[in-house]
Amino acid sequence: MSTPGTPAPCGDRPRVFIVDDHAVFRSGVRSELGDQVEVVGEADDVEPAIALITGCLPDVVLLDVHLPGGGGQGVITAIKAAHPQVRFLALSASDSPEDVIAVIRAGARGYVTKTISGTELAEAVRRVAAGDAVFSPRLAGFVLDAFAALPPAGQGRPSFDPELDQLTPRERQVLRLIAQGCTYKEIARELYISGKTVESHVSSVLRKLQLSTRHQLTRWAAERRLT
C-alpha cells in the first residue's frame, strides 16, 4: 500500500480527492470511478479544499477550474508550494484554451473535460498518479501551441503580465466581455452565471488591479488588447 503523499505503485488504487462545487457531480464521479480508486475526500470550494487536501495528501486531486472562491489553480498553487508530490488533474466542463493553460502553468499534470467516460477517467487518474501528463485529445493542442509560442532556448523567458496573471480564468472572461462593452446582464447570460456573480467578479478585478471604475477597467483591457 502507498503512504500518504507517495504516488501509488502500479497495482495499487490511487488515493483521490475530488474538488467540485456541484455535489451531484462529485457523487457521479465517485460512482463512475467505483473501486478503481480510493476516494479519500472531497470539497466544494478553494479554502476547504486546501485544508482537507493538506490533511490527507492524496495521490491525485481531481478538480474543476471554476470554483466559487476562485480558480482551481489557486488550490494547485497553495498545495504545490508545501506538498509538490501531490498531483493534479483538471476535470472541467470548460474547454477554453485560457482555462487549460492557466491550470497547467499552475502545475496540473493534465486536463480532461467532463464528457470523459468513467473508464477513461480512471485510466487518466492512474496515469497522472504514475507521473504521466494526460489531456483530452483536442486540449493537448492548446498546450502544444502555448509551448510553440515560447522563444527558443537562450532568448530569455516569455514576458507575462503579472497584473493579468493574478486574475482567475473566470475574472479574465468577465474582464474581456466588459472591454467589449457588454452589460452585466449580457455577461451573466453569456457565462451562465447570475448578475450578482458578475458584480462580484468585477469588484474582485477592480480590487486586484487597483482600479476604481468600469471606465478605467475598460481602458486597462484595451491597452492590453484583451478585446
Only one of Thr119, Thr77 is open to solvent by 50 Å² or more (accessible area, probe 1.4 Å) and within 15 Å of the chain's Cα centre (by Cα), namely Thr77
When the range 54-75 is checked residue by residue, the ones that are in a helix (DSSP H, G or I) and at pLDDT below 90 are Gly72, Gln73, Gly74
Scan the range 1-26 for residues that are open to solvent by less than 40 Å² (accessible area, probe 1.4 Å) and at pLDDT 90 or above and jot them down.
Pro14, Arg15, Val16, Phe17, Ile18, Val19, Asp20, Arg26
Taking the range 27-51 and keeping residues without any contact (Cβ under 8 Å) to a residue 60 or more places away in the chain, buried (at least 17 other Cβ atoms within 10 Å of the Cβ) and not in a strand (DSSP E or B) leaves Asp44, Val46, Ala49, Ile50
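Return the residue satisfying two criteria in turn: it lies in the range 95-116 and is among the charged types (D, E, K, R) and open to solvent by 10 Å² or more (accessible area, probe 1.4 Å), and of such residues it is farthest from the chain's Cα centre (by Cα).
It comes out as Lys114.
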Do any helices (runs of 4 or more DSSP H) lying entirely in the range 125-227 carry at least 2 residues that are at pLDDT 75 or above, and which ones are they?
169-179, 184-191, 195-209, 214-223
Please find, within the range 57-92, the residue that is nearest to Val39 (Cα to Cα) out of those that are of a type in the set (A, V, I, L, M, F, W, C), free of Cβ contacts under 8 Å to residues at least 60 places away in the same chain and touching an Asp or Glu at 6+ places or on another chain (Cβ under 8 Å).
Leu63
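The values are calculated or read from the model by the stated rules, or taken from the named source; none is laboratory data. Owing to the predicted nature of the structure, the values given are computational and were not obtained by experimental measurement. Glycine also receives a Cβ, built like all others from the backbone with ideal geometry; neighbour counts cover every protein chain displayed. To get the accessible areas, we keep the full protein, side chains included, count just its heavy atoms, and leave off ligands, DNA and RNA. Shrake-Rupley method; radii C 1.70, N 1.55, O 1.52, S 1.80 Å.
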